[in-house]
Amino acid sequence: MPHISRERIISLPRTEIAGIDAGGTKTHMRFLDPVTGEIRHVQARSADYDSLEHLFYGCFDMAGCLPHSLVAGVAGRPGRDGDVRITNHPQWPTFRRRAFAADLDMTLVTINDMVATTAGVADLDESDWVSLTPDVAPHPGPALLAVSVGTGVGSASVDRTGQARPAESGHVTWQPLTVLEEEYLRALQRLRPGIPISVELSIGGLRGIDHMYDFMTVRKKPGPYIQEHVDRFRREHRGIGPVITAAAVGGDACCREIMRLFGAILGQFLRNIVLTCMSEGGSVWLTSGVLQAPGVCDLLISDTAFLERFVATGAEHSELMQEIPLFSVTDRQVAVRGAFALTRQSSERESPALN
């Protein structure tokens, strides 16, 4: 793991504002170049560090500057004082926001990464997204739901007043509706006896895709090259999601079945979250990781029960679901874009919340 000293960091030139999106797999930093004033970007591999503090150090070092003001979206649940741990790195110590900010003489806000994503969605233009339901009229007003399936599964919503609300929705459970889904749920229960089986555990990039692959390959063999790639990715401690999604888009029958299972669970999950936080309507934005893999969203629409489960014709409030437009975000930096936008807004307002 890289070692970057505090002395090195505090000697860096200062820049006014920056935003960070700290995820379980990748971390992005967007910042103003202290010399040219241009917006620049660096990326780090989260697993190369042993704490969120050192991960931030790594970002500052790669950027070659230390921000005065920073909003950091973190894949975790910040407490009231802003202390936080990344969910998928439980071995890391708790990050102490106040102490870190005081030590580096900066204003720092930590927020859930999906709240940063909602701010990024609001900052997008039409070249940064694709409509998955072109026949559904856009919803007026700011209400939206942003959903990510990457290393984990997460969401955040914005209500009709424009207030962002984080959630830990990826850790809710799901209900099987087919015999295959019942068998999958039982297989997961055998792996995790006595533990509620969450959406993230079922379809998330860190564990869920592996679980679906191991479950499905007992029933339908993948192409031999796919197994070779999966074995290599696992030896290298890399998520196998890219192998599965590429093979599914390429037509492999086993991986198509995996994506059908994925799409059904995801569609049901989205419906539940919309009913929970957007009963007055809004829009849904799919972001990050698995959902931004080439061809995946097209496959979800054309070859899975994703939309069928989302609308659930005949169930209560299916008419509401038919009025919810769905969008696929193509900008892979939407979360750090949102964190940067929030830093800029806070800096311009000189908000006391940043002190």
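The values are calculated or read from the model by the stated rules, or taken from the named source; none is laboratory data. All of these numbers come straight from a predicted model, not from anything done at the bench. We place every Cβ from the backbone using ideal geometry, glycine too, and count neighbours over all the protein chains shown. Remember, those area values only see protein heavy atoms, side chains included, never the ligands or the DNA or RNA. Shrake-Rupley method; radii C 1.70, N 1.55, O 1.52, S 1.80 Å.
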Where trypsin sites (Lys or Arg not before Pro) in DSSP loops with at most 11 other Cβ within 10 Å are excluded, longest remaining stretch of the chain: 81-218
Per residue, the convex hull volume that the Cα atoms of region 1-109 enclose (Å³): 83 Å³
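What is the antiparallel percent of DSSP beta bridges lying wholly in the chain, to the nearest 5? Don't skip to the answer; put the middle values down first.
Numbers: 28 of 50 bridges.
If we restrict to bridges inside the chain, about 55 percent are antiparallel.
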Cα→Cβ-extended label distance, 7 Å offset, between ILE195 and ARG6, nm: 3.6 nm
Candidate values [x] 35, 24, 18; [y] 37, 22, 21; [z] 33, 30, 19, label of the one derived for semi-axes √(5λ) of the Cα gyration tensor in Å: [x]
Simple spin-label estimate for ASP50 and ASP33 in nanometres, 7 Å along Cα-Cβ: 3.5 nm
Approximate spin-label separation LEU180-VAL130, in nm, with each point projected 7 Å along Cα-to-Cβ: 2.3 nm
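So what's the net charge close to PRO78: Lys and Arg +1, Asp and Glu -1, counting the other residues with Cβ under 11 Å from its Cβ? Write down the numbers at each step before the final one.
Working: positive: ARG77, ARG80, ARG85, ARG97; negative: ASP81, ASP83, ASP113.
Once all neighbours under 11 Å are counted, the net charge is +1.
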Between 0 and 90°, nearest 10: helix 253-277 axis offset from the chain longest Cα axis: 60 degrees
Once the Cα gyration tensor of region 116-206 is diagonalised, semi-axes √(5λ) in Å: 31, 16, 12
Spatial separation of Cα centroids for region 34-78 and region 95-117, in angstrom: 11 Å
Net charge over other residues, Cβ less than 14 angstrom from the Cβ of LEU326 (K, R count +1; D, E count -1): -2
Dimensionless Rg ratio for region 121-270, taking C-alpha atoms and the 2.2 N^0.38 Å reference: 1.17
Cβ-defined net charge surrounding GLY251, 14 Å radius [Lys, Arg +1; Asp, Glu -1]: -1
Computed accessible area, GLU126, all protein chains, 1.4 angstrom probe, square angstrom: 150 Å²
J(HN,Hα) series, region 279-287, from Karplus relation 6.51 cos²θ - 1.76 cosθ + 1.60, nearest Hz, glycine and proline x: 5, 9, x, x, 10, 10, 10, 8, 9
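Please compute the volume of the convex hull spanned by the alpha-carbon atoms of region 223-355 and report it per residue in Å³. List each step's numbers first, then the result.
Working: hull volume 19.7 nm³, N = 133.
It is 148 Å³ per residue.
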Pairwise centroid distance, computed over Cα atoms, of region 167-217 with region 260-285, Å: 17 Å
³J(HN,Hα) computed for each position of region 39-53 - Karplus, 6.51 cos²θ - 1.76 cosθ + 1.60, integer Hz, glycine/proline x: 7, 10, 8, 10, 9, 10, 8, 4, 5, 6, 10, 10, 6, 5, 4
